[in-house]
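So the structure is just underneath, and the comments pick up after that.
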Amino acid sequence: MGKTIVEKIWSQHLVADLADGASLIYVDRVLLHERTGSIALKSLAETGRPVRSPGQALVCMDHIVDTFVNRSDDTAMPGGKAFIQQTREAAAQANIRVLDIDDPSQGIVHVVSPELGLAQPGLTIVCPDSHTCTQGGVGALAWGIGSTDGEHALATQTLAIRRPRMMRVTFDGVLGAGVTAKDMILHLIGEHTASGGAGYAVEFAGSAVQALSIEGRLTLCNMAVEFAAWTGICPPDEKTLAYVRGRPLAPEGALWDQAAADWLALRSDPDAVYDKEIAIDAAQIAPTITWGTSPQHAVAITGAVPDPAAFADPRQRAGAEAALTYMDLEPGVPLIGLPIQSAFIGSCTNGRLSDLRDAAAVLRGRRVAPGVRAIVVPGSMRVRAAAEAEGLDKVFLDAGFEWRKSGCSMCFFSGGEHFAEKERVVTSTNRNFENRQGPGVRSHLASPATVAASAVAGRLADVRALGA
Amino acid sequence: MEKFTRLDGVAAPLMRANVDTDAIIPSREMKQVSKTGLSGGLFANWRYADVATRQEDPGFVLNRPSYRGASILVAGSNFGCGSSREHAVWALHEYGVRCVIAPSFGAIFQGNCVRNGILPVALPEDQVQALAALVEAAPGVRLSIDLEAQTITAPGAAAISFGIADGDREMLLEGLDMIGVTLKRQAQIDVFETGYRQARPWRRLDLSGADAAKLERALPL
């Protein structure tokens, strides 16, 4: 019987079979940030256990750091400075490299890792952060863990885990104009619910996935966790090789040739067996947006706020009712035309150069609607520099956007900077949970192009109607 | 880690689907680099009418006198989805919760529970709904949970059996420190790593040494 890519990577990393069908899996890379990595490093130090291989770990300051141009350790988040400084000190004690606030490579960990070639096909990568699954976009097996497992990985370079069930989600067909990887993943979660992937490793396949850029595949895998999947992965192909080649940490010379051959062999065998399969016609996907407080509350931008009475399941109905109350929406209201107060482009979901290009293509020669606050936060300082090199910063600034330094920024509210209370925000981020982006803030998840088009209109808008 | 063997406690119903870890503990309630001092922030956005003054919302289930201080939550599907923050589990534990019963859990949250002495019990949706109906109909009712027997018992009702992975069960029953357990396999890990590095040498990385300077390199155009 053939093997899936996940099974192949699993076998390569299998240190020991444990009781109960669990496996002790070798971990190639441990990534940390100041929000949750801080406590893992501190707790490990308190127990007196050394970090086994500090050179296989990296700390990115991204969650709490400000994104203002003149930032320092002093953050808008009350007490944030202590997280930054304690993380820095603990990392220095453990001899782990930090991409600190002023580092030209600083940025959001899941943007930085693929960008530097730290993430590579076939590697196992963990981070005490749920969006670690992003890095499946380059064919790595990457998954989010808790802080205690973060300590475990640092101390032992392994994790004890049970093998997930296998799911393949196949997107065949050609995406329509203005439709992106973000719309694909929102569509999947909208159709199959926010718990549809529970217990599975999800392999994304099909011609529409192959046609995506690697950055698009990173976006697709980023929200696998919003589908409740253990992780997502796109099998490596020639496009993946071209993406990784020449990056700062990519293999070189003879090692490159060995690596490249090894990576292409990782792809799932034709007779591999999946526990579940989902097929989606990519041509049927519209620009997609959320109306509620779960990523599963997603519909085509041309759609309307649903009537909770239409949900057969009483718990889903109750969830929809609570969501409409929180979002201050009535059933049947079209999404296009809903007035917004803010627009946000950034995050590990959509903060890469291609995302900024998509948004800038919409914004060139246009202005953000009066009264709308619009912010763009590049996913890394390297993304920021590359965007500036091609003049995108000017496009954003001319359109009326704020142009920030890199970090997670207002993807989540940690007590510091946030959108105004009960504002309606269109956002390229990954979570529309209650209060996620500020007290009472109503978040509508969408692609960067949809965010840009909506910022210009001052209301939720169909990017296809604007014409890029 | 604290052991979990048996629990007899008040169960509170919290049947919303997809209760995320941002709801269990909002990010702004994680104020220090610490695993403690978190219970005040538990469910802060629902528990308090005014988060700043901590003025309680009397309608929230854990503020109702019969459910206050509950040690068992009967919850909706996909409980603990979202952010990996282990603070959600630390906050629940500090509040006094030792068991969460739900149709399904966020994967990271479920693992975090087991590593901190909280028993996550996954039961079929109809059984969870029946339990929720029971604890809603008789506020303050106590459930008995026996991890060795893998049963949940409500007064006057037949015991409900639940499944749990053997490894998770052992970790909870024995209060195992997984890092300590794995460190006993250090020699085995060493042997594996040596062979692994020979087979796939390009996977070696030393950002604290030989490879540190590579981080300064330019990106390909």
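The values are calculated or read from the model by the stated rules, or taken from the named source; none is laboratory data. Nothing here was measured: the structure is a model prediction, and the numbers come from that model. Note that each Cβ is placed from the backbone with ideal geometry, even for glycine, and that neighbours are counted across all protein chains shown. Heads up: the accessible areas ignore ligands, DNA and RNA and are worked out on the full protein's heavy atoms, side chains in. Shrake-Rupley method; radii C 1.70, N 1.55, O 1.52, S 1.80 Å.
Of all the C-alpha pairs in chain A, what % are more than 29 Å from each other?
Above the 29 Å cut-off, chain A has 46 percent of its Cα pairs.
Could you work out the pair-distance distribution P(r) of the stretch A:128-183 from its alpha-carbon pairs, with 5 angstrom bin width and percents rounded to whole numbers?
4, 13, 16, 23, 15, 10, 7, 6, 4, 1
Using a 1.4 Å probe on the protein heavy atoms, what percent of the accessible area of the stretch B:6-176 belongs to carbon and sulfur?
After summing per-atom areas, the C and S share lands at 48 percent.
Count, for each residue of B:206-217, the Cβ atoms from other chains sitting within 10 Å of its Cβ, then give me the mean as a whole number.
Average neighbour count from other chains, rounded to a whole number: 6.
Return one whole number: the accessible area per residue of the protein assembly as shown in Å², for a 1.4 Å probe.
Solvent-accessible surface per residue comes out at 33 Å².
How shielded is A:191-201 by partner chains, expressed as the average number of their Cβ atoms within 10 Å of its Cβ atoms?
Across A:191-201, the average partner-chain Cβ count within 10 Å equals 4.
Quantify, in whole percent, the carbon and sulfur part of the accessible surface of chain A (1.4 Å probe; protein heavy atoms only).
Result for chain A: 51 percent of the exposed heavy-atom area is carbon or sulfur.
Based on Cα positions only, what radius of gyration and what Dmax would you give for the stretch A:367-443, in angstroms?
Rg and Dmax of the stretch A:367-443, Cα atoms, are 13.2, 38 Å.
Taking a cut-off of 21 Å between Cα atoms, list the lysines near B:LYS31, but don't count ones fewer than 8 places away on the same chain.
A:LYS42, A:LYS81
On a C-alpha basis, how far is the centre of the stretch A:242-291 from the centre of the stretch A:128-171 in Å? Whole number, if you could?
16 Å
Against the globular-protein guess of 2.2 N^0.38 Å, express the Cα radius of gyration of the stretch A:215-334 as a ratio, rounded to two decimals.
1.52
Please give the per residue volume of the convex hull enclosing the alpha carbon atoms of the stretch B:104-216, rounded to a whole number of Å³.
Spread over its residues, the Cα hull of the stretch B:104-216 gives 192 Å³ apiece.
Identify which of B:ARG204, B:ARG16, B:ARG47 has the largest mean-square fluctuation in a Gaussian network model of chain B, with springs joining Cα atoms closer than 10 Å.
B:ARG204
Need the C-alpha centroid separation for the stretch A:371-404 versus the stretch B:33-95, integer Å.
When both Cα centres are located, 38 Å separates them.
So how far apart, in nm, are the two label points at B:ASP190 and A:ALA304 if each is 7 Å from Cα heading toward Cβ?
7.0 nm
Place a +1 charge on the Cβ of each Lys and Arg in chain A and a -1 charge on the Cβ of each Asp and Glu, then give the dipole magnitude about the Cα centre in debye, rounded to the nearest 20.
440 debye
If each DSSP helix of 4+ residues adds -39,500 (n - 2.57) and the sum is divided by the residues in the protein assembly as shown, what number results at 222 nm, nearest 500 deg cm²/dmol?
Here the helix-only value at 222 nm equals -9000 deg cm²/dmol.
In nanometres, what is the gap between the two model label sites at B:ALA213 and B:GLU125, each 7 Å from Cα along Cα-to-Cβ?
6.0 nm
May I ask which residue of A:ALA211, A:ALA399, A:GLY197 lies farthest towards the positive end of the charge dipole of the protein assembly as shown, with charges of +1 (Lys, Arg) and -1 (Asp, Glu) on Cβ and the Cα centre as origin?
Going by the charge dipole, the pick is A:ALA399.
How about the stretch B:96-150: which trypsin sites (Lys or Arg not before Pro) there lie in a loop by DSSP and see at most 13 other Cβ atoms within 10 Å?
In loop regions of the stretch B:96-150 (DSSP not H, G, I, E or B), there are no sparsely surrounded trypsin sites (Lys or Arg not before Pro).
Which is farthest toward the positive dipole end of the stretch A:5-162 among A:VAL98, A:GLY48, A:ILE84, measuring Cα position about the Cα centre, with Cβ charges +1 (Lys, Arg) and -1 (Asp, Glu)?
The residue sitting most towards the positive pole is A:GLY48.
Just the number, please: buried accessible area between B and A, total of both chains, 1.4 angstrom probe, nearest 100 square angstrom.
6600 Å²
Over the Cα atoms of the stretch B:27-70, compute the convex hull volume and normalise it per residue, giving Å³.
75 Å³
Could you give the radius of gyration (one decimal) and Dmax (whole number) of the Cα atoms in the stretch A:293-466, in Å?
Using the Cα atoms of the stretch A:293-466, the pair Rg, Dmax is 15.9, 53 Å.
What is the log10 of I(q)/I(0) for the stretch A:79-172, computed with the Debye formula using one identical point scatterer on each Cα and no solvent, at q = 0.13, 0.16 Å⁻¹?
Once normalised to I(0) and log-transformed, intensities are -0.55, -0.81.
Looking at the P(r) of the stretch A:5-162, how many percent of alpha-carbon pairs lie beyond 19 Å?
53 percent
Residue separation times 0.36 nm, minus the C-alpha to C-alpha distance between A:ALA16 and A:LYS81: what's the value?
Length difference between fully extended and current span is 19.3 nm.
Top mean-square fluctuation among B:THR36, B:THR151, B:THR53, Gaussian network model of chain B, C-alpha springs under 10 Å?
Maximum fluctuation in the GNM of chain B, among the listed residues, is at B:THR53.
Quick check for me: using +1 on Lys/Arg Cβ and -1 on Asp/Glu Cβ, what's the dipole size of chain B about its Cα centre, in debye to the nearest 20?
Dipole size: approximately 500 debye.
Can you pull out the GluC sites (Glu not before Pro) in the stretch A:417-459 whose DSSP state is coil and whose Cβ has at most 13 other Cβ atoms within 10 Å?
Qualifying residues, ordered by number: A:GLU421.
In the stretch A:125-139, what residues drop by 10 Å² or more in accessible surface going from the chain by itself to the full protein assembly, probe 1.4 Å?
Flagged in the stretch A:125-139: A:SER130.
Semi-axes of the stretch B:32-178's equivalent ellipsoid from the Cα gyration tensor, sqrt of 5 times each eigenvalue, largest first, rounded to whole Å?
Over the Cα atoms of the stretch B:32-178, the semi-axes work out to 24, 21, 13 Å.
Averaged over its residues, how many other protein chain Cβ atoms are within 10 Å of peptide B:24-37's Cβ atoms?
6
Hey, in the GNM for chain B with a 10 angstrom Cα cutoff, which one of B:MET15, B:MET30, B:MET178 fluctuates hardest?
Per the Cα network of chain B with a 10 Å cutoff, B:MET178 tops the list.
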